């Protein structure tokens, strides 16, 4: 490879990495699939070990970064979809839960907290699951743990 191109790649390496990672993330958002990028990452990684030239190495490295972004984005989107489906299944049901208060705001009828759920009845939660909890009485502080029973309601969209 010419010294001119090697110098450009050396001085802008992180820029090119961020471009390929961003492209992979965008592809992962629009075309969610975890197996294709996982298999491609494995094949590309083996190709990196058997590389023949600097050009092939850079192509394989940029492909690995791209497929990693695709994989990470697809996994995260799957987690979000699972949480949304859990929220849909719980709408209108009475559940027991515990959660950590992240923020608190007084309202006209009492208070509202945004909580990260630690335990929710018999449901296995995967990843972060946050809810807004409305109540009356003593106002919880940030960092407190709430233990309660209430009706789940899905808001928005």
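The values are calculated or read from the model by the stated rules, or taken from the named source; none is laboratory data. Everything numeric in this text was worked out from a predicted model, so none of it was measured. Glycine also receives a Cβ, built like all others from the backbone with ideal geometry; neighbour counts cover every protein chain displayed.
Being part of a loop (DSSP other than H, G, I, E, B) and surrounded by fewer than 16 Cβ atoms within 10 Å (Cβ to Cβ) is true of residue 52.
Each residue in the range 81-96 was checked for being in contact (Cβ under 8 Å) with a residue 40 or more places away in the chain and over 12 Å from residue 129 (Cα atoms), and 8 of them qualify.
Taking the options 127, 110, name whichever one is touching a helix residue (DSSP H, G or I) at 6+ places or on another chain (Cβ under 8 Å), surrounded by fewer than 17 Cβ atoms within 10 Å (Cβ to Cβ) and either modelled with pLDDT of 80 or more or not assigned by TED's automatic domain parsing to the domain that holds residue 21 (or both). Talk me through it step by step, then tell me what you get.
Numbers: 110 fails: touching a helix residue (DSSP H, G or I) at 6+ places or on another chain (Cβ under 8 Å).
Selected residue: 127, the only one of 127, 110 that is touching a helix residue (DSSP H, G or I) at 6+ places or on another chain (Cβ under 8 Å), surrounded by fewer than 17 Cβ atoms within 10 Å (Cβ to Cβ) and either modelled with pLDDT of 80 or more or not assigned by TED's automatic domain parsing to the domain that holds residue 21 (or both).
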